[in-house]
Amino acid sequence: MTENDPHVPDSAAGRQDPGAQPGAEGQAAWQQTPAQPDQPSSAGDAGQSAPSATGSTAAHGSVAEGSAGTSSAGTASGDASGAYGAPAGQYGAAPTYGAAAPAGGTPNPWSAQGAAAPHAGAPQSGAQQPYGSQYPGGMHTPPAGAPANPYGAPGTSVYGVPAQREKKGSAGKLLASVAAISLVIGGVAGGTVGYLTGGSGSSVSALDAPKPAQQTGNVPAGSVESVAQKLSPSVVELQVSGRTAAGEGSGFVISSDGYILTNNHVVQVAANGGQIQAVFQDGKKAAAKVVGRDPTTDIAVVKVSGVSNLKPVELGRSDDLRVGQQVVAIGSPYELTGTVTSGIVSSLHRPVQAGGDETDQTTVMDAIQTDAAINPGNSGGPLSNMSGQVIGINSAIYSPNSGRGQGSGSEGGNVGIGFAIPIDQARRTAQDIIKTGHATQTFIGAKVTDAPQGGAQLGDITPGSPAEKAGLKSGDVVTKIDDRVIDSANTLVAAIRTRAPNDQTTFTLADGRTVQVTLGGQAVPAN
């Protein structure tokens with residue numbers, strides 16, 4: 001480009017398919033071209049070009065260098081706006097296509113010096129040109145002594161360039177500028193090729209970079225990493241075998257002398273003459289035996305022997321959990337010992353059957369729902385808050401194949417719906433087992449079914465039971481226990497199980513009555 005007109009596009013770079021419309025960049029260049037006050041005005045109104053001899057506006061064509069936008073020869077009715085002309089009166093006359101070159105004009109700085117004559121077969125004088133005449137009088141061949149114009153010759157660009165005010169040395173500067181651009185592009189391309197091929201420069205490889213410094217900072221408190229470091233040494237894999245079956249699950253140390261808390265369904269197959277082996281994080285193995293278990297809450301306690309210096313977990317509380325609270329699960333899913341996953345508390349007080357058939361209410365628990373990944377083998381492992389305190393025992397997963405909660409025997413995998421036994425309930429049961437050898441179950445002494453209109457309907461009442469003592473009758477429908485809404489029979493059973501024997505509760509019935517009930521306790525038979 002010349003220094004006199006920085007907006008003139010390079011003719012070679014601007015060539016396009018004749019059928020395409022000029023782009024926005026090309027239009028902007030035309031609009032920004034400075035006015036040429038020393039050029040003559042066009043024959044027509046400012047900003048318009050006269051129509052071509054064919055009667056239609058010339059959509060394309062070359063502008064003769066040195067032309068002030070003079071209209072082409074020939075007449076036709078009506079005016080048409082120049083395709084690339086400036087608005088009337090703004091930059092002088094609009095450039096036209098097929099305009100006549102002034103007699104004796106200087107050589108076109110856009111054309112190559114010493115251009116070859118038109119090739120054989122080029123249209124002769126008088127033949128119709130698709131883009132208009134390039135020479136005076138409608139001639140299609142240059143007059144004697146006229147410089148060759150590459151823009152009117154066949155095979156060259158069919159798009160015009162704006163009329164230029166000629167100044168001395170402009171052609172040389174333009175060629176120098178084009179050459180400089182070529183060198184820059186060539187230099188970039190050459191450099192790129194050299195970099196890729198190694199011809200110049202050197203490649204950089206991550207394999208040659210030094211290793212970063214080892215992590216030496218303290219683990220951030222409240223992170224998953226800190227929870228894993230705190231709890232993992234206390235989590236064990238339990239390998240269980242019996243006369244008819246074998247399996248594996250998880251558990252966690254609750255005392256330095258070897259008591260381990262787990263699920264009943266994890267150790268059930270070894271309860272009567274089977275074998276249990278505990279595998280610790282450091283690879284140590286120890287034999288274990290069942291101390292006691294409670295199928296109604298799916299809790300069991302085992303004790304290992306032959307090991308010392310065990311690290312017990314820190315127990316938290318589950319009565320103040322919040323939905324959305326972050327949690328971490330640790331266990332041995334599919335025998336992958338020490339697996340750590342994380343998620344949130346998805347819901348609270350889910351009545352879930354931890355084992356048995358789906359009509360057996362003796363296995364209903366009041367579960368914590370979580371989306372932390374839990375799979376078969378995670379059963380019995382801890383669910384922890386972000387302080388590393390155990391707030392639940394991972395016990396069941398939702399299996400889409402069966403539509404209900406399943407223990408570790410389920411073939412289903414994690415779908416983001418897992419259930420854990422609240423630690424408040426598990427703590428009480430574990431204490432009973434360790435102190436007495438059996439668990440104590442909370443009960444009211446009445447059968448219960450789903451009420452058609454919602455709630456839990458009482459059936460047969462056991463004589464002398466807490467239900468009878470409170471004045472409850474068969475057919476009563478319980479809709480609330482204290483502040484908790486009861487919408488089904490399982491919800492009522494789960495709500496009772498979370499409370500301890502001798503707790504005072506208020507039952508709200510469907511007819512609006514309220515009844516004070518003192519919950520009872522009974523020993524779960526050891527088996």
Practice problem: For the range 261-371, compute Rh as the Kirkwood radius over C-alpha pairs and then the Stokes-Einstein diffusion coefficient at 37 °C and 0.692 mPa s; write the answer in µm²/s, rounded to an integer. | Solution: 203
Quiz item: Based on the mean of other beta carbon atoms within 10 Å per residue, what is the order of 266-272, 364-370, most packed first?
Solution: 364-370, 266-272
Quiz item: In the neighborhood of residue 299, defined by Cβ-to-Cβ distances under 13 Å, what is the net charge if each Lys or Arg adds +1 and each Asp or Glu adds -1?
Solution: -1
Exercise. Indicate the gyration tensor shape class of the range 408-503 (rounded, prolate or oblate), computed on the Cα atoms with a ≥ b ≥ c the square roots of the eigenvalues: a/c under 1.5 is rounded; otherwise a/b larger than b/c is prolate and the rest oblate.
Key: oblate
Quiz item: Among 312-318, 511-517, what's the highest-first ranking by average C-beta atoms within 10 angstrom per residue?
Solution: 312-318, 511-517
Quiz prompt | Cα-projected label distance for residue 275 with residue 211, points at 7 Å along beta-carbon direction, nm | solution = 4.1
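Given Cα pairs under 8 Å that are at least 6 residues apart, what percent is the relative contact order of the range 423-519? Working shown, then result.
On the way: 174 pairs, mean separation 25.1, N = 97.
Dividing the mean separation by the residue count of the range 423-519 yields 26 percent.
Kindly flag which residue pairs out of 435/469; 447/480; 289/435 have an alpha-carbon separation exceeding 19 Å in this structure. Write out the running numbers ahead of the final one.
On the way: 435/469 29 Å; 447/480 17 Å; 289/435 16 Å.
As for pairs spanning more than 19 Å Cα to Cα, those are 435/469.
Using mean Cβ contacts within 10 Å as the protection proxy, how do 462-474, 421-433 order, highest first?
Numbers: 462-474: 15.5, 421-433: 23.3.
In descending order of packing, they fall as 421-433, 462-474.
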Self-check item: 349, 438, 265, reordered so the largest accessible area comes first (probe 1.4 Å)
Solution: 349, 438, 265
Exercise. Using the 2.2 N^0.38 Å rule of thumb for compact globular proteins, work out how the range 197-258 stacks up: its C-alpha Rg over that value, please.
Key: 2.27
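Compute the Cα gyration tensor for the range 284-327, then decide on rounded, prolate or oblate, letting a ≥ b ≥ c be the square roots of its eigenvalues: rounded whenever a/c is under 1.5, prolate when a/b is larger than b/c in the other cases, and oblate in all that remain. Intermediate values should be presented prior to the final figure.
Details: a/c = 3.38, a/b = 1.62, b/c = 2.08.
Here the range 284-327 falls in the oblate category.
Would you tally the net charge around residue 250, using a Cβ to Cβ cut-off of less than 12 Å, leaving residue 250 out, and scoring K and R as +1, D and E as -1?
Values: positive: none; negative: 237, 248, 335.
Here the count lands on -3.
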Quiz prompt | Paramagnetic reach from residue 465 in the range 435-451 [backbone N under 13 Å; point 7 Å along Cα→Cβ] | solution = 442-449
Exercise. Please give the FRET efficiency for residue 513 paired with residue 348, using the beta carbon to beta carbon distance and R0 = 35 Å, rounded to the nearest 0.05.
Key: 0.80
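The values are calculated or read from the model by the stated rules, or taken from the named source; none is laboratory data. Note that the structure is predicted; figures quoted are calculated from it, not measured. Please note: Cβ atoms are built from the backbone with ideal geometry, for glycine as well, and neighbour counts cover all protein chains shown. Protein only, heavy atoms only, side chains kept; ligands, DNA and RNA dropped before computing areas. Shrake-Rupley method; radii C 1.70, N 1.55, O 1.52, S 1.80 Å.
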